[in-house]
Amino acid sequence: MFEAVARPFRSGRGGTLPMTVPAEAIVATGTLFDGRSARPNPVTIHLGERLEITGAGIREDWSLFDIRAGETEPPTMRIGVAGSPIRVEFTHQALAAALAARCPDLRVDDEKRGGVLRLVLWSIAAGVSVLLAAIYGVPVAAGILAPLVPQPVEMRFGLAVDGQIVSLLGDPPLCAEPAAKSVLDRLVARMTEGAGLPGDPVVSIRRHAVANALTLPDARVIVLSDILAKSKTPDEFAGILAHEFGHVAARDPTRAVITAGGVSFLLSLILGDLTGSTVIVGVGQAAISAGYSRDAERAADAYGVAMLARAGGDGAALAAVLERIDSDADTEASPTGFLRSHPYTRDRAVKIRDLAGEKPQGRQVLSEDDWQTLQGICAAEPAKPATDRNQRP
Amino acid sequence: MNAVGAVPARPGTVVFDRQAKGLTGIAVKGFLLSLATFGIYRFWYITNLRRYFWSRTIVAGSPGEYTGRGKELFLGFLVALAILVPIYIVLFALGFAYPPLAPVAGPITFVFLFLLGQYAIFRGRRYRASRTFWRGIRLGQDGSALAYVGLATGWWLLTLVTLGIAFPWMRASLERYRINHTLVGESRMTSTARGGMILKPWLLFYLVALGPLFASILALLVANDFSIPADLMIADPGKPGKFVFNPDYAGTPLAIYGGVVAIVAAIFIPLALFLIPYYRARETRAFMNAAALGTACLHSTLKARQFYWPYIVYMLSILGYLAAIGIVLGGSAYLIQTSGLGTGAQALLVVGMVVAYLGSLLLFAVLYVRVITVRLWRAVTDTTTIENVQALDAVLASSRRTASGLNEGLADALDVGGALEIGF
């Protein structure tokens, strides 16, 4: 009993214990709303050991422990009893102060459970788990989902992306000089034989002054002719092809699409309504996607080296051609490195040479004659200007 | 009435707190906690804001009361996610599986979200009404959200077909539906809003802002016999993937009128933005004057300039702040560059920029609530009076069930319906 009545002391107006020492009585006027109609009932409010409210046909007698106050702008005050629709409004400041001192549960929220801290901690835990799902869960899920995409669906998708990419590159003409094409087809067939790729790769060479090669869904590989021009040996060219086949084997294009969709969805889910979140979502998605992409590039490099060795070439040739075609081969680590879709060329080259080991003497994937023929594959096509330097093999 | 209580407001007036004390604290806490909780706290923040605004709005001597809970909104948001996530996934998968479908996936999503958004607007209003008390009487809303969606869709189609002429009638029709299904206790509100009431402000907006644009587009179409050549835009020879204007058409009526459209758009679209507060003020006043509860009716004397001041003050504060920040950051960047202090100072500058960015967002958020929300709210409340206020005494409580917060969560997930809507 004592503990219960001692609580009013907390509010500062100590010295009067409602049950033992008679408190100074306060009388004020107010308006009572009975919760049944909007009619205002003038009442007299008498605060003693209990709160007595009287008016025409009204007699309320409330225990000070049951009184709750609603949020209002001082000096207006609105009080009621927990769970009752009756409200009393008044603007008497002394009464308001006395109620604050004597009613221990005046500002208690009867429906409120759990504090803000709990909410904050749970939200942070939820946010972090979604973030972890975006960083680690989505690529795994994409890896599982990508092989499940039905062949016809992937084919249609590949066709559509092919069209978009080609028009994005400015419709570079397809190089198909017949003799060279047959050399290319034989090379591709030999390299992919027994490699267990998900489909037979379709390699097309297009005349373009950017040294780049792309893998699209449905095992479509587009090689831009400048790669061919910059390759000094057939092994270097085959190295690029083998790297792209590494992407085909891992179904990277389809995985990238699923990953990008999943990540941007999850990020906008947790950052949805925040001011300035568009920037954060954009950078976050780019960073996470680029992270996957760098991992995929390293895997494709390793795959390419192994494939090239199987086909009778020198894996290290891939490192040589990468260094040659990449203008920023000597770039130092920079603060925006986390946004790069490809690892630094220097690091890649070191890794590739490590994997390739000793150079096999006197072996090449193509004979010198075939190599000459292949280099002429775009002979019949006019040149296209160079502009797009954003993508690298 | 109120013969006894020393109530600050005269009977029949609607007033809002003069000083808005404690609001800054709510806004700062709301913003920072929303940031820390990945935005989840926003439901509690909105609830705090509403409780504040409701309780500081004194209608005929009695402050309003908001009894909604952040938890209800949050649960509603989770349910809305459970509905929306599969839909998003299906749309994504469709675009992926049938690439020809990808271009129409956008419009399909838009139409679908429009319908869902109208539904959420109506049901969100129902939730807010059922959490609002005045003099111990609970407000409410009946009517069918599906009917509202149908009404809104029909009117929007008509508005599009008539190039916007039907807009005022659409607004009035939807306002009537909303108000006529709003209940205070057992009493039903009524609205006599008609399109003709807001035809004048709309026509002004239309003629000044949209008229020249439509006229110039029409002139363009007439001059070209309503046909745009297919090779108007050709692939840029310099930039793959980009399209440029075909030089063959230079000097033709097509190019001249196209230039006219561009110039007209550059002048009149910003002008249209300037006229929006004017239109909104006029519409709010007309619709307030048309609303009644029994024989008690609202009377508004809202002036358009009262809707301009908040925006002007807000814009000027932001411009001043940005100028100051720009000088500070630019100055320190210059100092670092000239003194060659190296990476340590550069890192400091980056940290400073991040802090300045977050600080600016906080400042803008607080300023928005304090300047725009408060002033717009006060502009509406303080210009509103209730005629025949004694009739309100006859309002009786109702035993209606309270609406669930689920549908307002949908409104949040779709980002329709602000936390605090000005007017009804």
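Key figures
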{"read-out": "Criterion: out of contact with any His (no Cβ under 8 Å at 6 or more places or on another chain), hydrophobic (A, V, I, L, M, F, W, C) and not in a helix (DSSP H, G or I) - qualifying residue of B:302, B:319", "value": "B:302"}
{"read-out": "Residues that are under 49 Å from the mean Cα position of the chain (by Cα) and surrounded by fewer than 16 Cβ atoms within 10 Å (Cβ to Cβ), drawn from the stretch A:33-74", "value": "A:74"}
{"read-out": "From A:242, A:238, A:211, residue being more than 23 Å from residue A:140 (Cβ to Cβ) and not in a helix (DSSP H, G or I)", "value": "A:211"}
{"read-out": "Some residue of the stretch A:39-60 being out of contact with any His (no Cβ under 8 Å at 6 or more places or on another chain), without any contact (Cβ under 8 Å) to a residue 12 or more places away in the chain and within 13 Å of chain B (Cβ to nearest Cβ)", "value": "yes"}
{"read-out": "Any hit, the stretch A:165-177, residues being farther than 30 Å from residue A:313 by Cα, within 9 Å of another protein chain (Cβ to nearest Cβ), in contact (Cβ under 8 Å) with a residue 12 or more places away in the chain and part of a strand (DSSP E or B)", "value": "no"}
{"read-out": "Qualifying residue in the stretch B:89-109 (condition: part of a helix (DSSP H, G or I), closer than 26 Å to residue B:21 by Cβ and of a type outside the set (A, V, I, L, M))", "value": "no"}
{"read-out": "Qualifying position, being of a type in the set (Lys, Arg), within 14 Å of chain B (Cβ to nearest Cβ) and either surrounded by fewer than 20 Cβ atoms within 10 Å (Cβ to Cβ) or on the phi < 0 side of the Ramachandran plot (or both), among A:107, A:102", "value": "A:107"}
{"read-out": "Residue in the stretch B:50-68 that is out of contact with any strand residue (DSSP E or B) (no Cβ under 9 Å at 6 or more places or on another chain) and modelled with pLDDT under 90 present", "value": "no"}
{"read-out": "So residue B:111, is it out of contact with any Lys or Arg (no Cβ under 8 Å at 6 or more places or on another chain), within 14 Å of another protein chain (Cβ to nearest Cβ), over 30 Å from residue B:381 (Cα atoms) and at pLDDT below 90", "value": "no"}
{"read-out": "Elements of type helices (runs of 4 or more DSSP H) contained in the stretch B:128-227, each with 3 or more residues being among the charged types (D, E, K, R) and modelled with pLDDT of 90 or more", "value": "B:167-180"}
{"read-out": "The listed residue being without any contact (Cβ under 8 Å) to a residue 24 or more places away in the chain and under 28 Å from residue A:315 (Cβ atoms), out of A:183, A:210, A:188, A:202", "value": "A:202"}
{"read-out": "Every residue from the stretch B:53-79 that is touching an Asp or Glu at 6+ places or on another chain (Cβ under 7 Å) and assigned to a helix (DSSP H, G or I)", "value": "B:54, B:55, B:56, B:73, B:76, B:77"}
{"read-out": "The stretch B:49-75 residues that are under 18 Å from residue B:185 (Cβ atoms) and facing chain A (nearest Cβ under 7 Å), paired with ones that are of a type in the set (A, V, I, L, M) and assigned to a helix (DSSP H, G or I) (beta carbon under 9 Å, 6 or more apart)", "value": "none"}
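The values are calculated or read from the model by the stated rules, or taken from the named source; none is laboratory data. The structure presented is a predicted model; accordingly, all values stated were derived computationally and were not measured. Counting neighbours? That spans all protein chains shown, and the Cβs are built from the backbone with ideal geometry, glycine included.
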